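Each reported figure results from applying straightforward, stated rules to the coordinates on display, with no laboratory input. No experiment lies behind these values; they were computed from the predicted model shown. In this analysis, Cβ positions are derived from the backbone assuming ideal geometry, glycine residues included, and neighbour counts consider all displayed protein chains.
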Amino acid sequence: MRAQDHLLRHLLQPSLPLLIWGVHFFFCYIVTAEQMRFGKLSLLWTVGIASLLALALLSVLCWRALRRLHAGSAISMLDWASAACAVLGSLGVALSCLPMVLLLG
């Protein structure tokens, strides 16, 4: 296969954790706004489940990136960027759901 065939996969590898973080951010703020509008406390569970799901996905992505780094083959900058973005995304998810949990709780 040619290198151009894998361009999207190579571009998505380091940016997928940041995309998960962004989707989680907007989802949680929309859910929090609806909870404040309608007064439904049951939406707190939705924020919690979405946060745990996002953290699970990000931990899998981080594990895969770290596994590629320690595989013993040639290490590329793409592998380092994937691991760093997964850690940054996890931190972003944790910090973006904390104010909403405090607000709803």
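A few comments on the model shown:
- Charge dipole (Cα centre; +1 on Lys/Arg Cβ, -1 on Asp/Glu Cβ; no other charges) of the chain amounts to roughly 140 debye.
- Packing rank of 45-52, 32-39, where each peptide gets the mean count of other beta carbons within 10 Å, highest leading: 45-52, 32-39
- Chain lengthening between residue 80 and residue 66 when straightened (0.36 nm per residue, less Cα-Cα): 4.2 nm
- Relative contact order (%) - criterion: Cα under 8 Å, at least six apart; region: the chain: 41
- Based on C-alpha pairs under 8 angstrom that are at least 6 apart in sequence, the range 46-105 has a relative contact order of 45 percent.
- The slack between residue 53 and residue 18, meaning 0.36 nm per residue of separation minus the straight C-alpha distance, is 11.1 nm.
- Calculated log₁₀ intensity ratio I(q)/I(0) where the Debye formula runs over C-alpha points of the chain, q = 0.12, 0.22, 0.23 Å⁻¹: -0.48, -1.05, -1.11
- Helix content alone sets the calculated 222 nm mean residue ellipticity of the chain: runs of n ≥ 4 DSSP H residues at -39500 (n - 2.57) each, divided across all residues, give -30000 deg cm²/dmol.
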